[in-house]
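Asks: This is the structure I want to talk about, given as structure tokens.
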Amino acid sequence: MIKHDQLHRFLFEGHSVRGELVSVSETYQQMLENHSFPQPVQQLLGELLVATSLLTATLKFNGDITVQIQGDGPVKLAVINGNNQQQMRGTARIDGDVKTESSLRDMIGNGYMVITITPTEGERYQGVVALEGETLEECLGAYFKQSEQLPTRLFIRTGMLDGKVAAGGMLLQVLPNEHDGNEELLDHLVQLTATIKGEELFTLDVEEILHRLYHEEDVTLYEPQQVAFRCTCSRQRCIDTLMTLPEADLQEILHSDGKIDMGCEFCGKHYVFDENDVSEIKATKTAQLH
Ligand SMILES: [Zn+2]
């Protein structure tokens, strides 16, 4: 029985190279459920989801990673946000016509990719790379080169499993302080890993995949981590946002709509505040200030 929506970590013994493998189906489907995105956008979000899951798993601390692509094409924004517990959410903003068979470039136009790493404690890091590659894999490769991080390669596959969307991927990374002489070895492992097919990622268990790819290597596999769709929106977060808005703006919305309706872009949930709610929030705020 294949377990989906799990992130696996492994290590090439004696080689100072680590790896990750992830396959997502339910997480991916739930993420798309609240939206009606065209197929190429669904695929792009699947690729971003896999990339974010793999990148999040490289974090050495608690925190979250947001991977977003922005541009001047019909897809203005595609974004995935995930944390070290592998809780993922994502969405896209579309303005215009996305044709079937659209490439990354067709969808995004001239754009860039922003990767934001936010530790629970400590400083935020942001890396920006122009969207010059043909595929997300290539763009991520450019990001790693530019940001002078550890030599890292990602492999991303999307497709269908039992009539539903599925995505998966792998990551290889040279361990810190052991760069020297490992580039060649990484190249060798990269060649092996590049042969992975989406179907294999979606239908085979991890031991089988590792054996198929690296049967001559000594690989240690660690306990898997569950990947899940989870949105971090809440009524309190909406209240925090409301409190930052000018009083006149709030009154104007209340006056014209009778309520303030805040929809979550990620999960589609609505948080509604009427006049009483707003006065109560303001009263609490005033009480806290004094
Ligand atoms: Zn939400």
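Asks: Quick one: which of LEU201, LEU189, LEU172 is touching a strand residue (DSSP E or B) at 6+ places or on another chain (Cβ under 7 Å), over 27 Å from ASN83 (Cβ atoms) and open to solvent by less than 10 Å² (accessible area, probe 1.4 Å)?
Replies: Result: LEU189 is the single residue among LEU201, LEU189, LEU172 that is touching a strand residue (DSSP E or B) at 6+ places or on another chain (Cβ under 7 Å), over 27 Å from ASN83 (Cβ atoms) and open to solvent by less than 10 Å² (accessible area, probe 1.4 Å).
Asks: For the stretch 106-117, indicate whether the set of residues that are assigned to a loop (DSSP other than H, G, I, E, B) and of a type in the set (A, V, I, L, M, F, W, C) is non-empty.
Replies: no
Asks: Between residues in the stretch 257-286 that are among the acidic types (Asp, Glu) and residues that are within 10 Å of the ligand (Cβ to nearest atom) and open to solvent by less than 60 Å² (accessible area, probe 1.4 Å), which pairs lie under 9 Å by C-beta distance while being six or more apart or on different chains?
Replies: ASP261/TYR271; GLU265/THR91; GLU265/CYS233
Asks: OK, next. Among (1) surrounded by fewer than 17 Cβ atoms within 10 Å (Cβ to Cβ); (2) under 22 Å from CYS233 (Cβ atoms); (3) not basic (Lys, Arg), there is one condition SER103 misses while meeting the rest; what is its number?
Replies: Checking SER103 against (1) surrounded by fewer than 17 Cβ atoms within 10 Å (Cβ to Cβ); (2) under 22 Å from CYS233 (Cβ atoms); (3) not basic (Lys, Arg), the one that fails is (2).
Asks: Just one of (1) more than 16 Å from the chain's Cα centre (by Cα); (2) not in a strand (DSSP E or B) trips up TYR143, so point out which.
Replies: Here TYR143 meets the rest and fails (1).
Asks: If a residue has to be open to solvent by less than 70 Å² (accessible area, probe 1.4 Å) and either more than 16 Å from the ligand (Cβ to nearest atom) or of a type outside the set (Ser, Thr, Tyr) (or both) to count, how many in the stretch 231-244 make the cut?
Replies: 6
Asks: Could you please give the count of residues in the stretch 56-90 that are modelled with pLDDT of 95 or more, among the aliphatic types (A, V, I, L, M) and under 20 Å from GLU223 (Cβ atoms)?
Replies: The qualifying residues number 1.
Asks: Which of the following residues is hydrophobic (A, V, I, L, M, F, W, C), farther than 20 Å from LEU154 by Cα, open to solvent by less than 10 Å² (accessible area, probe 1.4 Å) and over 14 Å from the mean Cα position of the chain (by Cα): VAL98, VAL75, VAL17?
Replies: VAL75
Asks: Select from the stretch 252-281 the residues that are open to solvent by 70 Å² or more (accessible area, probe 1.4 Å) and more than 30 Å from GLY82 (Cβ to Cβ) and write down the one among them that is farthest from the ligand (Cβ to nearest atom).
Replies: Taking the candidates together, the pick is HIS255.
The values are calculated or read from the model by the stated rules, or taken from the named source; none is laboratory data. All values reported here derive from a predicted model rather than from experimental measurement. Note: ideal-geometry Cβ built from the backbone for every residue, glycine included; neighbour counts use all protein chains shown. In case anyone asks, the SASA skips ligands and DNA or RNA and just uses the protein heavy atoms, side chains included. Shrake-Rupley method; radii C 1.70, N 1.55, O 1.52, S 1.80 Å.
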